[in-house]
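This report refers to the structure that appears directly beneath it.
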Amino acid sequence: MPQLIAGNWKMNGLSAESAALAEAIEAGAAALACDLLICPPFTQIAQVAAKLRGTAVAVGAQDCHTAPAGAHTGDISAQMLADLGCAAVILGHSERRQNHHETDALVQAKILAAVGAGLMPVVCVGETEAERDAGQERQIVAAQVAASLPENFVGVIAYEPIWAIGTGRTPTIAEVEAMHRDIRTALVQKLGEAGAAIRILYGGSVKPDNAAALLAVPEVGGALIGGASLSAAAFLAIARAAKHVD
Ligand code: PEP
């Protein structure tokens, strides 16, 4: 299976720069051995999806509501995202869990909504620095996997240690390997054989200079990129470090 390199643009990008970034990524996407996904802010999805329709670069969103439609001022449904041309949606990102008080139960409801609309959920899990310092990271992440994913989950997991996001710090290769093995075990426990085929991305300060080492770790099925996904050159350099994994 090809590794997946996914970009989370977060709350960045006005029209002209988003168009230029999407075009530059698409121009460099040919001949890459990985799957590519970019997740612009809601306001840029329509134009980016229109530009990338029929290309090798898929488009996703960064969140969705649990309901298909209704009285939810300011919210966006999974159906609306699918209608715009989205193929995927990031759910349970730590910035949503922390800043918007999203619980595992809410994340699970959003996953069901996304899958119901035909979107691939990219579900984020990860521990805080205090939890890691207390030696609790394995239990915390296993509990998030168990409580966030519905039965029969189909999608992608992103392991993102919160203390590594946007900080320039990453866990050691051994720590990444250990956590990804734990997540695989939790997935198989929860989902049976299907859990063996789910891609587990690593996210948190992935840059061109550390991508090859992180993407070579067993059970790393790709990467979720924040800051470096706002530069086509950096994002494509990371993507060139990706490969096919069994
Ligand atoms: C993220 O927020 O999903 C992320 C991985 O950010 P960064 O690459 O900037 O650490």
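Could you check Q189 against (1) modelled with pLDDT of 95 or more; (2) assigned to a helix (DSSP H, G or I) and say which number it fails?
(1)
Under 9 Å by Cβ, and 6 or more places apart or on different chains, what pairs join a residue from region 171-182 that is under 13 Å from G204 (Cα atoms) with one that is hydroxyl-bearing (S, T, Y) and buried (at least 19 other Cβ atoms within 10 Å of the Cβ)?
Note: pairs meeting the criteria are P171/Y202; V176/Y159; V176/T170; V176/Y202.
Do any residues in region 227-241 that are of a type in the set (S, T, Y) have Cβ atoms under 7 Å from those of residues that are not in a helix (DSSP H, G or I), where the two are at least six apart or on different chains, and which pairs are they?
Listed pairs, sorted by first residue: S229/G7; S229/N8; S229/W9; S229/I38.
Does any residue in region 155-170 that is among the polar types (S, T, N, Q) come within less than 7 Å, Cβ to Cβ, of a residue that is open to solvent by 30 Å² or more (accessible area, probe 1.4 Å) six or more places away or on a different chain, and which pairs are these?
As it stands, the answer is T170/N210, since those pairs meet every condition given.
For the structure I just gave you, tell me whether V206 is within 16 Å of the ligand (Cβ to nearest atom), assigned to a loop (DSSP other than H, G, I, E, B) and open to solvent by less than 10 Å² (accessible area, probe 1.4 Å).
Criteria met by V206.
How about region 229-241: which of its residues are open to solvent by less than 10 Å² (accessible area, probe 1.4 Å) and either more than 8 Å from the ligand (Cβ to nearest atom) or out of contact with any strand residue (DSSP E or B) (no Cβ under 6 Å at 6 or more places or on another chain) (or both)?
F235, I238, A239
Could you list all residues from region 162-186 that are open to solvent by 10 Å² or more (accessible area, probe 1.4 Å), among the small types (G, A, S) and either in a loop (DSSP other than H, G, I, E, B) or within 16 Å of the ligand (Cβ to nearest atom) (or both)?
Within region 162-186, G166, G168 meet the criteria.
If you go through region 44-56 one residue at a time, do you hit one that is open to solvent by 10 Å² or more (accessible area, probe 1.4 Å) and under 23 Å from R97 (Cβ atoms)?
no
Mind checking which residues of region 1-26 are surrounded by fewer than 16 Cβ atoms within 10 Å (Cβ to Cβ) and either at pLDDT below 95 or among the aromatic types (F, W, Y) (or both)?
M1
Among the residues of region 126-152, write down those that are surrounded by fewer than 16 Cβ atoms within 10 Å (Cβ to Cβ) and not in a helix (DSSP H, G or I).
Scanning region 126-152 gives A134, G135, Q136, E151, N152.
Six or more apart or on different chains, Cβ atoms under 7 Å: show the pairs whose first residue is in region 197-212 and closer than 18 Å to T167 by Cα and whose second is charged (D, E, K, R) and within 8 Å of the ligand (Cβ to nearest atom).
G203/E160; G204/E160
Out of the residues in region 27-40 meeting the condition of being open to solvent by 20 Å² or more (accessible area, probe 1.4 Å) and not in a strand (DSSP E or B), tell me which one is farthest from I5 (Cα to Cα).
Among those that are open to solvent by 20 Å² or more (accessible area, probe 1.4 Å) and not in a strand (DSSP E or B), it is A27.
Filter region 78-125 down to residues that are on the phi > 0 side of the Ramachandran plot and in contact (Cβ under 8 Å) with a residue 12 or more places away in the chain and give me whichever is most open to solvent (accessible area, probe 1.4 Å). Don't jump to the end; show me each part of the working.
Start the filter on region 78-125 by keeping residues that are on the phi > 0 side of the Ramachandran plot, which leaves 85, 92, 101, 118.
If we keep only those that are in contact (Cβ under 8 Å) with a residue 12 or more places away in the chain as well, we get 85, 92, 118.
Working: G85: 37, G92: 3, G118: 62 Å².
Here the residue is G118.
Kindly provide the set of residues from region 57-70 that are open to solvent by 20 Å² or more (accessible area, probe 1.4 Å) and over 14 Å from the mean Cα position of the chain (by Cα), ordered by number.
From region 57-70, those open to solvent by 20 Å² or more (accessible area, probe 1.4 Å) are 58, 62, 65-70; that's our starting set.
Across region 57-70, the qualifying residues are H65, T66, A67, P68, A69, G70.
So K10 fits all but one of (1) assigned to a helix (DSSP H, G or I); (2) touching a residue at least 60 places away in the same chain (Cβ under 8 Å); what number is the exception?
Condition (1) is where K10 drops out.
The values are calculated or read from the model by the stated rules, or taken from the named source; none is laboratory data. Keep in mind it's a predicted model, so treat the numbers as computed, not measured. All Cβ positions, glycine included, derive from the backbone under ideal geometry; neighbour counts span all protein chains shown. We work out accessible area using only protein heavy atoms, side chains counted, and drop any ligands, DNA or RNA first. Shrake-Rupley method; radii C 1.70, N 1.55, O 1.52, S 1.80 Å.
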